[in-house]
Amino acid sequence: MRLITRLYSAATCAFVLAGLTGCGHELLKPPPRASVPVTVVYTGKGLSGMSDLPTGTYQVPDSQIIVSGHQKAGKSPASMMFGVLGVLVANEVDKSGGKSAVKNSTAALTERIDTRTQSILADLLSSDEFRTAFTANAASDSPVLEFGGNIVLTFIDDTNVQPAVILHASWKQASRGPKSAPPAVIWSTRYMCSIGGPKPLDGPQGWTDNGAAALKATVSAELTQAIRYMLLDVKQPVARDDTHKVLVTGHFPLIADRLQVVSYDLGESGDLAVFAPKLSDATVLSGVLMLDKSQLSIREATKDDRTKKLN
């Protein structure tokens, strides 16, 4: 029953973008502050289909690539008319649709992020910027920042695709209870990075052309940005300031539709706008987003702006 309930919640939040009562806004909170170096661990664990992804996503076999944006069955009012059963059926239909959407490119979609993540993390932790705030060697009193993630390919229409890297990070604090008690998760959020604009998956100049060179280069850049900003946010937490919100309009990871969302303005990182949509935890876009400024429209939010809507 918990699985079915979660699928229904994910479908509702992802496709209707309606905040669910009681979902909370824990993912919007900044990280806690640490008085000792934080141990950073890459777990290799992918995104959860129950909490991090909309229904109907498809994972390419033998890769860490997840396909989204192709979903149609889950958006249909008919799927909601039949309640949980309708959502489950739509989920399977949309998974099949994702497989079909990339069938001509499956051989080229073998990207994994494990090796690059470990290399990028090692370089960052040894840099002057982070070496005193973080460590790769766990100590008994050290909080632990764990993270894993995936590459996400989002179809914004039937042809054009936008890649992104999405990380899910969790802060674990050593328990003060019995020594056998596992560390408690006291904070978590997602970090999503997408650089540049969309283009076709196949064909000349597409993402998989020339041995998927464009996809590999973009994913590497996104992974570097996402990990670096995660460490920056933990080292010196960026305030989610209710007095400084912006209205961001554009295409976002995981969702095909063009959206506008009221968000906390977290600044910039080079050519990327950094913001946190003011959405409930059950919504798959809740977390910190780093998206290319050239692909967005951003202005100050007003009291009359709806928190989220299709654009």
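Hey, can you rank 274-283, 203-212 by average C-beta count inside 10 Å, highest first? Present the calculation step by step, with values, prior to reporting the outcome.
Values: 274-283: 23.3, 203-212: 15.2.
Order by mean packing, descending: 274-283, 203-212.
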quick shape note, region 194-311: Cα extents on principal axes in Å, largest first -> 47, 35, 26
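Percent relative contact order of region 184-311, based on C-alpha pairs within less than 8 angstrom and at least six residues apart? Can you show the working numbers first?
Details: 203 pairs, mean separation 35.2, N = 128.
It comes to 27 percent, rounded to a whole number.
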List the residues whose amide H sits under 5 Å from the amide H of residue 308, counting only those 5 or more places along or on another chain, with H placed 1.01 Å from N in the peptide plane. 262
Hz values of 3J(HN,Hα) by residue in region 52-57 - Karplus curve (6.51, -1.76, 1.60), Gly and Pro given as x: 9, 10, x, 5, x, 6
In nanometres, the difference between 0.36 nm per residue of separation and the alpha-carbon distance of residue 158 and residue 310 is 52.9 nm
If you count, for each residue, the other Cβ atoms within 10 Å and average over each peptide, how do 251-262, 162-173 line up from highest to lowest? 162-173, 251-262
Extend 7 Å from the Cα of residue 269 along its Cα-to-C-beta direction; within region 223-261, residues with backbone N under 14 Å of that point are 223-238
Region 86-145-region 295-311 distance, computed between alpha-carbon centres (Å): 29
For residue 199, give me every one of the aspartates and glutamates with a C-alpha distance below 13 angstrom, ignoring sequence neighbours fewer than eight places off in its own chain. 157, 158, 209
Under 17 Å from the Cα of residue 278, which aspartates and glutamates turn up, not counting those fewer than eight places away in the same chain? 26, 52, 241, 242, 265, 300, 304, 305
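Pairs 72/308; 99/293; 45/95: which exceed 23 Å Cα-Cα?
Values: 72/308 20 Å; 99/293 31 Å; 45/95 21 Å.
Among 72/308; 99/293; 45/95, the Cα-Cα distance tops 23 Å for 99/293.
Values quoted throughout were computed directly from the atomic coordinates according to the rules given, and no laboratory measurement underlies them. For clarity, every value in this text was computed on a predicted model and none was experimentally measured. Don't worry about glycine lacking a Cβ; one is built from the backbone with ideal geometry, like all the others, and counts go over all protein chains shown.
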